[in-house]
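Each remark here refers to the structure printed beneath this line.
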Amino acid sequence: MKKYFLTLFAALLLISCGNDTTSTFTSVEITPIFSDSLSVRAIAPQDATKVWFAANKGIVGLIDGKTPKVATIKYGDSILNFRAIAKSGNNVFVLSIENPAVLYKIKSNGIEAESMEEVYTEEGEGVFYDAITFWNEKEGIAMGDPINGCLSIIITRDGGNTWNKISCENLPPVFKGEAAFAASNTNIAVKGDKAWIATGGKRARIFYTADKGENWEVFNTPIIQGDVMTGIYSVDFYNEEIGVIVGGNWEKQDFNEGNKAITRDGGKTWQLLSNGSGPGYRSCIKFIPGTKGKGLIAVGSPGISYSNDQGNTWTELSTDGFYTVSFVNDSLAFASGRYKISKLLFR
């Protein structure tokens, strides 16, 4: 931008433009970097060229540029299916979904895996884990479907070396038919000491802790609910007050009522966004970095949707379907879906 200092007006205009960090995207460039007969529902970018992933058929790995470095993980005679991954410091954690649920800690040098150890195992009827994330390099959380009337929530306080399951006595009860969707590894959002967990099915609610899992409460949402495949599929928070949820009805993916909502009070109350307009079912939503909480990207099997006004209006950028998306910076992200991982460059 040329700088003219002929008048005070011009100088003020430049200052005003310099303070406006809200991007306006009009397109997305999609570059495939990995293709295989896998369902890839969990990714964790390392930098602008490398992304970790976890998939079905026991496959986990690191894509370096377009070079895949993959491994197949077995637990005894079982081929594990992975839909949850988290990167914390030099470690990557992958968590399998169903009985047995197994959590592995992978130590990395940034180029490849150096070692892998099993840090948590859970067996039993109904075991099914959906998502994992970390508050910091010491403390992390994973969640799964209900057992004995409460969500399955495990916590680490020692960098992921050991994990402990929270007793149902210390968690709000769930309704019959309320669970979660292992669709994008974004059922959990964390900011500061807080965490928000999204549910779906017969009820679509937000489970909330202000103290890293010590105490819990639960809030209702206006997201469509009542059927097996309805509810919240993804939650993200810009700060400790402003957050968004997205989902809908997987069996009626064009239906765009009751599937997008925002909170401005830390999750206590939620208001529907662009009800009856904008995207229908989406499995993942993310705030775009550097947009002051205004920019949003939502992805799902029907395509990629973009909002630059905090979800009030939307633009459909692509009909390419993805399960999940994760940003590296304010214009670059990785996304994964059925048989693929791609790099997304928003312009």
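The values are calculated or read from the model by the stated rules, or taken from the named source; none is laboratory data. Owing to the predicted nature of the structure, the values given are computational and were not obtained by experimental measurement. Cβ: placed from backbone, ideal geometry, glycine included. Neighbour counts: every protein chain shown.
The table that follows gives values for the structure above.
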{"read-out": "Residues (touching a Leu at 6+ places or on another chain (Cβ under 9 Å) and among the β-branched types (Val, Ile, Thr)) located in the stretch 247-295", "value": "262, 285, 288"}
{"read-out": "Pair list, Cβ under 8 Å, 6 or more apart: the stretch 98-117 residue of a type in the set (Asp, Glu), other residue assigned to a strand (DSSP E or B) and surrounded by fewer than 16 Cβ atoms within 10 Å (Cβ to Cβ)", "value": "112/69; 114/107"}
{"read-out": "Cross-chain or 6+ apart pairs with Cβ under 6 Å, the stretch 133-152 first and under 15 Å from residue 164 (Cβ atoms) and acidic (Asp, Glu), then surrounded by fewer than 18 Cβ atoms within 10 Å (Cβ to Cβ) and at pLDDT 95 or above", "value": "139/157"}
{"read-out": "Considering residues of the stretch 199-231 that are part of a loop (DSSP other than H, G, I, E, B) and of a type in the set (S, T, N, Q) only, the residue surrounded by the fewest Cβ atoms within 10 Å (Cβ to Cβ)", "value": "215"}
{"read-out": "Listing of strands (runs of 3 or more DSSP E) fully contained in the stretch 243-347 that carry 3 or more residues being surrounded by 17 or more Cβ atoms within 10 Å (Cβ to Cβ)", "value": "243-249, 260-263, 284-287, 296-300, 303-307, 324-327, 332-346"}
{"read-out": "Condition met for residue 235 (assigned to a strand (DSSP E or B) and within 15 Å of the chain's Cα centre (by Cα))", "value": "yes"}
{"read-out": "Cross-chain or 6+ apart pairs with Cβ under 9 Å, the stretch 307-328 first and touching a residue at least 60 places away in the same chain (Cβ under 8 Å), then surrounded by fewer than 17 Cβ atoms within 10 Å (Cβ to Cβ) and basic (Lys, Arg)", "value": "323/338"}
{"read-out": "Any hit, the stretch 133-140, residues being over 20 Å from residue 51 (Cβ atoms), crowded, with 22+ Cβ neighbours inside 10 Å and in contact with a Gly (Cβ under 6 Å, 6 or more places away or on another chain)", "value": "no"}
{"read-out": "Matching residues, the stretch 159-179, being assigned to a loop (DSSP other than H, G, I, E, B) and on the phi < 0 side of the Ramachandran plot", "value": "161, 162, 163, 166, 167, 171, 172, 173, 174, 175, 176"}
